[in-house]
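Notes to accompany the following structure.
The values are calculated or read from the model by the stated rules, or taken from the named source; none is laboratory data. Since the structure is predicted, the reported quantities are computational estimates derived from the model, not experimental observations. FYI the Cβ positions are ideal-geometry reconstructions off the backbone, even for glycines, and counts take in every protein chain you see.
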Amino acid sequence: MLKLEKRPEPSRLWTAITPVIAVLATMVFGGLLFAALGKDPFVAIRTIFYDPLFSEFAWFYRPQLLIKGAPLILIAIGLSLGFRAGIWNIGAEGQYIVGAICGAGVGLAFYPAESWFIFPAMIIAGAVGGFLWAMIPALLKTRFGTNEILVSLMLVYVAEQLLASMSLGLLKNPDGFGFPGSRNLQHYPSAHNAEIISGWGIHWGVVAAFIAVIFAYVLLARHVLGFQIKLTGESPRAAKFAGVNPTRLVVVCLGLSGALAGLAGLFEVSGPAGQISIDFNVGYGFTAIIVAFLGRLHPVGILLAGLLMALTYIGGEIAQSNLGLPSAAIQAFQGMLLFFLLAVDVLTNFKIKFRNERVA
Amino acid sequence: MTDSLLSLRGLTKAYPGVVANDDVSFEIGHGEVHALLGENGAGKSTLVKMIYGLVKPDHGAMVLNGAEFTPSQPRVARAAGVGMVFQHFSLFEALNVAENISLGMENPPNQRDLSDRIRDVSQTYGLPLDPERRVGDLSAGERQRVEIIRCLLQSPKLLIMDEPTSVLTPQEVEILFGTLRKLRAEGTSILYISHKLEEIRNLCDTATVLRLGKKVATCDPREKSARELAEMMVGASLHIPEKAAAEAGEVVLEMRNVDLKSLSQFGTSLKSISFQVHSGEVLGIGGVAGNGQDELLSALSGEALTPDSAVMFEGKSIGQLGPNARRSISVLAAPEERLGHAAAPDMSLIENALLTGRARKGLDKNGFLRWGAARRFAKDIIEKFDVRTPSSKNAARSLSGGNLQKFVIGREVLQDPRVLVVNQPTWGVDAAAAAAIRQALLDLAAKGAAIIVISQDLDELMEISDQFCALNEGRLSKARRTADLNVEEIGLMMGGSSNAA
């Protein structure tokens, strides 16, 4: 008979290898899923994991990896700080949208003037926009004790409506022949988040993502605030005894994650996406939740998980177009990844015992 | 063999990494009150769980009334005439006494008959209890009576009682002992688990001492001194803390009419608490659990804030200062709950050293943590307080309760407090470690600190406190010199009736 026995302390070994096991299990069961859909599972798995990196068209896909990975990492880093403290910001998608609207709005306000300070001003506006949107659940929680999960999630839908209104109204391109959507920032040099090295996919958002990883690592490993975040997540009562101010922590964690999500939105709208449009958001804010957990809420883990998740996105798209896999199958595949990760998570805190039932 | 009710023969039970009971044999006679003595972790609980059918022994046999006894579950044990009163009650607060009792029965009679039987039993055995009252309104002593009567309704031949007096006032203890003596006179045997030696000498006919899972001796406790029994339990000669006779100095900490609404639903609000502690003095605060101990500690530690001048430290108002601000002026505290309040369970001892030691030990600089200094501080605590752990990197929850308690107390003592508030400093700690902790508190007082010990262990308070007062339903009695008090007076103070004194 199988029995779970609690480990005296979490196993470091299992903490490190459970994500790998989860990825392998996802490959196996995803393969079965693809086989059931009548596709060759080995080809499908190779298409998703191998082709984007090493096929003859990899030169096209590799930069995509950074372009898709950067917003995921940037958002997930912010979320992980809150998640560590038990503060659940589920509405990064909304903060991402509002950050993009604010940043793009500032840029478009200067159109067509050209100046060096426009892009930095947009970055600040993007961060502030995400921050303020996240302050709504933060203040409601600290003032009235509302649940930040519900409020932040519902604000995503509000933000989506705001986005639609902006693309149809205030920010609509005056020269756009009535089509919804703003001017394309890619054609406005002062506001364009262009590639820093052509063909590599590295734009300022990628740089910001790497800086965020380093910042979060130092914060968690060496700073008092990081210690307080971890302590609050571990044991709220001990945190209070240690002098942590829970209200301040809620504001800081939601504010930081909102600002980073807003930054991700700004870098996206001024770079790869180019314009505010009704369907600007593609779910980075939600996928980042998976990335944060896949990376075990650890900055370096999130860096790797963000790249892996970007890989399944790109690979999934190739599989859709080349093998004719339905997009729902790809989403199920990504869902499996989180499912297996959470399932094997139990091994870090428990060990499995094979027990012989003794007959007394 | 014929005159014994239950005989245990070579009972052995091993868990991974530890042998909880190793070849334990003894006999419980008819109408005998048999004490089971031992430190925490000596194997007392495992042994009674085997008798009550909660745990199956690996080896060995039990014979009850001449017949093989292998209870596979508590129901079988109850049917065979074994009843047990646990240390932690399993009662529903929202239901009344009779409803609670009927929930535990195989074939409950209707409520009116049951209430009559409860009244019957409670009168016969001198355990006053109204079957119609809601359990939520009962005191701990009354709740225990519910559990006892639940057992007595089954007319057990053997009644197991696990640490029954830990939640009782001295007066309630006397009532309980009266009941137990009456049961004994009727031929019921009682297996009485405790580590309170005076009680055992007072009540029990026979005592079996366990140490590290093995039986050390079976003896007549009335023929042994409390110290001899303790040394059998510990297996070594016992160091009794020494109290230096010191003159109390000036007032260090004062509370003035503190009212504090409890944050938790089942907590007790504090009602106009006032007291003073002097330099070099140990103030003992007794009282049954749940009378406002947690709330009092949080008002002193700074987790709960009061009007500024309601708490005074060396003439300064500190009622509005939070925990870290109080730490920096050397007012420290160690709460009762070790895991989850005093320490974070999954964090290492180094991180837990940082938890309260940051300000006074200079463990951070401009907001950045100094891990090296934190590691040295943790090592220092582990060495000076004899904390048994493989390394300072181990998680707090991997330590035994006693070792973690030594760590928690050591962490505060080594920060050189002017005021130290501790809640249940030796709860669940073995005798040797408890003595070490009490000695550390006394040493601190001798150096001029003011110590406040909140405890439910009266023996402990008698041993180390200079002044004694009691918490009852959130009110604090007037402090009196401990040396002038007798047990009767303490019981009255704990019951809340001597506020006029």
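Of all residues in the stretch B:66-110, those satisfying the criterion of being exposed (fewer than 15 other Cβ atoms within 10 Å of the Cβ), farther than 18 Å from residue B:49 by Cβ and polar (S, T, N, Q) are B:107, B:110. Tell me whether the stretch B:447-456 contains one or more residues that are in contact with a His (Cβ under 8 Å, 6 or more places away or on another chain), modelled with pLDDT of 90 or more and over 23 Å from residue B:387 (Cα atoms). Among the residues of the stretch B:447-456, at least one is in contact with a His (Cβ under 8 Å, 6 or more places away or on another chain), modelled with pLDDT of 90 or more and over 23 Å from residue B:387 (Cα atoms), which makes the answer yes.
Yes/no matrix, rows are residues, columns are (1) in contact with a His (Cβ under 6 Å, 6 or more places away or on another chain); (2) surrounded by fewer than 24 Cβ atoms within 10 Å (Cβ to Cβ); (3) farther than 14 Å from residue A:72 by Cα; (4) away from every other protein chain (no Cβ under 14 Å):
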position	(1), (2), (3), (4)
A:246	no, yes, yes, no
A:251	no, yes, yes, yes
A:255	no, yes, yes, yes
A:263	no, no, no, yes
A:267	no, no, no, yes
A:279	no, yes, yes, yes
A:289	no, yes, no, yes
A:293	no, yes, no, yes
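Taken over the stretch B:230-262, residues that are of a type in the set (A, V, I, L, M, F, W, C), more than 26 Å from residue B:165 (Cα to Cα) and modelled with pLDDT of 75 or more amount to 6.
The condition of being under 17 Å from residue B:335 (Cβ atoms), of a type in the set (Val, Ile, Thr) and modelled with pLDDT under 90 holds for only one of B:426, B:482, that being B:426. Yes or no: the stretch A:154-177 includes at least one residue that is away from chain B (no Cβ under 14 Å) and within 30 Å of residue B:327 (Cα to Cα). No, because not a single residue in the stretch A:154-177 is away from chain B (no Cβ under 14 Å) and within 30 Å of residue B:327 (Cα to Cα). Can you tell me which residue in the stretch B:363-378 is surrounded by the fewest Cβ atoms within 10 Å (Cβ to Cβ), limited to those that are in contact (Cβ under 8 Å) with a residue 12 or more places away in the chain and within 11 Å of chain A (Cβ to nearest Cβ)? Checked the stretch B:363-378; the qualifying residue surrounded by the fewest Cβ atoms within 10 Å (Cβ to Cβ) is B:371. Within the stretch B:1-20, one or more residues are part of a loop (DSSP other than H, G, I, E, B) and either surrounded by 15 or more Cβ atoms within 10 Å (Cβ to Cβ) or of a type in the set (Ser, Thr, Tyr) (or both). Please indicate, with yes or no, whether at least one residue in the stretch A:144-155 is farther than 30 Å from residue A:84 by Cβ, in contact (Cβ under 8 Å) with a residue 60 or more places away in the chain and surrounded by fewer than 17 Cβ atoms within 10 Å (Cβ to Cβ). Among the residues of the stretch A:144-155, not one is farther than 30 Å from residue A:84 by Cβ, in contact (Cβ under 8 Å) with a residue 60 or more places away in the chain and surrounded by fewer than 17 Cβ atoms within 10 Å (Cβ to Cβ), which makes the answer no. If you go through the stretch A:225-244 and keep only what is within 21 Å of residue B:331 (Cα to Cα) and surrounded by fewer than 20 Cβ atoms within 10 Å (Cβ to Cβ), you end up with just A:237. Against the numbered list (1) hydrophobic (A, V, I, L, M, F, W, C); (2) within 22 Å of the chain's Cα centre (by Cα); (3) over 21 Å from residue A:41 (Cβ atoms), residue A:352 comes up short only at (2).
Let's see how each residue does on (1) at pLDDT below 95; (2) closer than 25 Å to residue A:236 by Cβ; (3) out of contact with any strand residue (DSSP E or B) (no Cβ under 9 Å at 6 or more places or on another chain); (4) buried (at least 21 other Cβ atoms within 10 Å of the Cβ):
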{"site": "B:380", "(1), (2), (3), (4)": "no, no, yes, no"}
{"site": "B:386", "(1), (2), (3), (4)": "yes, no, yes, no"}
{"site": "B:390", "(1), (2), (3), (4)": "yes, no, yes, no"}
{"site": "B:394", "(1), (2), (3), (4)": "yes, yes, no, no"}
{"site": "B:397", "(1), (2), (3), (4)": "yes, yes, no, no"}
{"site": "B:404", "(1), (2), (3), (4)": "yes, yes, no, yes"}
{"site": "B:411", "(1), (2), (3), (4)": "no, yes, no, yes"}
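Does the stretch A:211-235 hold any residues that are facing chain B (nearest Cβ under 9 Å) and in a helix (DSSP H, G or I), and which are they? Within the stretch A:211-235, A:218, A:221, A:222, A:224, A:225, A:226, A:227, A:230, A:231, A:234 qualify. If only residues of the stretch B:302-335 that are buried (at least 19 other Cβ atoms within 10 Å of the Cβ), more than 10 Å from chain A (Cβ to nearest Cβ) and not aliphatic (A, V, I, L, M) are counted, the one that is farthest from residue B:444 (Cα to Cα) is B:306. Which pairs have Cβ atoms under 9 Å, sit 6 or more apart or on different chains, and link a residue in the stretch B:398-417 that is basic (Lys, Arg) to one that is surrounded by fewer than 18 Cβ atoms within 10 Å (Cβ to Cβ) and not in a helix (DSSP H, G or I)? Hits for this filter: B:406/B:386; B:406/B:388. Restricting the search to the stretch A:165-202, which residues are small (Gly, Ala, Ser), in a helix (DSSP H, G or I) and surrounded by 15 or more Cβ atoms within 10 Å (Cβ to Cβ)? Across the stretch A:165-202, the qualifying residues are A:167, A:190, A:191. Looking for something in contact with a Ser or Thr (Cβ under 7 Å, 6 or more places away or on another chain), closer than 30 Å to residue B:477 by Cβ, of a type outside the set (Ser, Thr, Tyr) and in a helix (DSSP H, G or I) - is there at least one such residue anywhere in the stretch B:417-436? Yes, the stretch B:417-436 contains at least one residue that is in contact with a Ser or Thr (Cβ under 7 Å, 6 or more places away or on another chain), closer than 30 Å to residue B:477 by Cβ, of a type outside the set (Ser, Thr, Tyr) and in a helix (DSSP H, G or I). Filter the stretch A:170-190 down to the residues that are under 17 Å from residue A:101 (Cα atoms) and among the hydrophobic types (A, V, I, L, M, F, W, C), then identify the one that is nearest to the chain's Cα centre (by Cα). Ranking the candidates gives A:185 first. Selection over the stretch A:299-324 of residues that are crowded, with 21+ Cβ neighbours inside 10 Å and part of a loop (DSSP other than H, G, I, E, B) gives a count of 0. Of the numbered criteria (1) assigned to a helix (DSSP H, G or I); (2) more than 21 Å from residue B:33 (Cα to Cα); (3) under 20 Å from the mean Cα position of the chain (by Cα), the one residue B:91 fails is (1). The listed residues are B:424, B:439, and the only one of them that is on the phi > 0 side of the Ramachandran plot and within 21 Å of the chain's Cα centre (by Cα) turns out to be B:424. Which of the residues that make up the stretch B:341-368 are within 17 Å of residue B:328 (Cα to Cα), of a type outside the set (S, T, N, Q) and touching a strand residue (DSSP E or B) at 6+ places or on another chain (Cβ under 9 Å)? Those that are within 17 Å of residue B:328 (Cα to Cα), of a type outside the set (S, T, N, Q) and touching a strand residue (DSSP E or B) at 6+ places or on another chain (Cβ under 9 Å): B:354, B:355, B:358, B:360, B:363, B:364, B:367.
A search for C-beta distances below 7 Å between a residue of the stretch B:341-362 that is away from chain A (no Cβ under 11 Å) and over 16 Å from residue B:391 (Cα atoms) and any residue that is among the polar types (S, T, N, Q) and part of a helix (DSSP H, G or I), counting only pairs 6+ apart in sequence or on different chains, returns B:360/B:328. Checked against (1) more than 30 Å from residue A:35 (Cβ to Cβ); (2) of a type outside the set (Val, Ile, Thr); (3) more than 14 Å from chain B (Cβ to nearest Cβ), residue A:335 meets all criteria but (1). Within the stretch B:5-60, the set of residues being within 14 Å of chain A (Cβ to nearest Cβ) and hydroxyl-bearing (Ser, Thr, Tyr) comprises B:12, B:15.
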